[in-house]
Amino acid sequence: MAPTMPPAPDGLASYVIDALQRQNKTKLLLIQDYVEDLIEYRIAVENQDIDEDEFEDNGNVVDYEELDDEPGYKVTKKQQCGKDCKGCPHGPYTYHVTQNGDGTEKWTIVNKKD
């Protein structure tokens with residue numbers, strides 16, 4: 001019985017699947033090593049501390065505190081909505097701020113007090 005190509009995982013872009021399927025075994029092993037290193041890097045970035053100076057330098061931040069029970073910070077800040085708004089800044093709003101795997105921050109609104 002001849003081997004069959006394994007099915008590609010759902011959610012993976014076709015241009016990634018096509019590129020992987022064109023690689024020989026040696027290059028696939030290199031890609032596997034790179035993917036493992038990339039995963040470790042992304043996990044390390046997600047677990048690193050956020051620079052608190054950014055919160056202190058942002059004039060709209062009212063308060064922030066590092067969370068004890070999960071990664072990230074609880075940040076309360078006022079929000080600008082546009083240059084023509086006469087009521088800005090709005091809020092304060094409370095956000096859960098964490099690091100994304102690419103080093104950017106993810107701000108998820110927790111509650112709105114407006």
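Only the coordinates and a few stated rules stand behind these numbers; no lab work does. Note that the structure is predicted; figures quoted are calculated from it, not measured. Cβ placement follows ideal geometry from the backbone for every residue including glycine, while neighbour counts extend to all protein chains displayed.
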| field | Cleavage-rule hits (trypsin sites (Lys or Arg not before Pro)) in the stretch 1-54: DSSP loop, at most 16 neighbouring Cβ within 10 angstrom | value | ARG22
| remark: the chain: relative contact order from alpha carbon pairs under 8 Å, six or more residues apart, as a whole percent, is 18 percent
| Which of these values of Rg and Dmax of the Cα atoms in Å was calculated from the structure shown: [x] 13.0, 39; [y] 21.6, 73; [z] 14.5, 48? | [y]
| Helical mean residue ellipticity (222 nm; -39500 (n - 2.57) per DSSP H run of 4+; nearest 500) of the chain | -10000 deg cm²/dmol
| note | In degrees rounded to 10, the 0-90 angle between helix 25-47 Cα long axis and the longest Cα principal axis of the chain is 20 degrees
| remark: Once normalised by the length of the stretch 52-112, the mean sequence separation of its alpha carbon contacts under 8 Å that are 6 or more apart gives a contact order in percent of 24 percent
| Under 5 Å between amide H atoms, partner at least 5 residues away or on a different chain: which partners does VAL110 have, H built in plane at 1.01 Å? | THR94, TYR95, HIS96
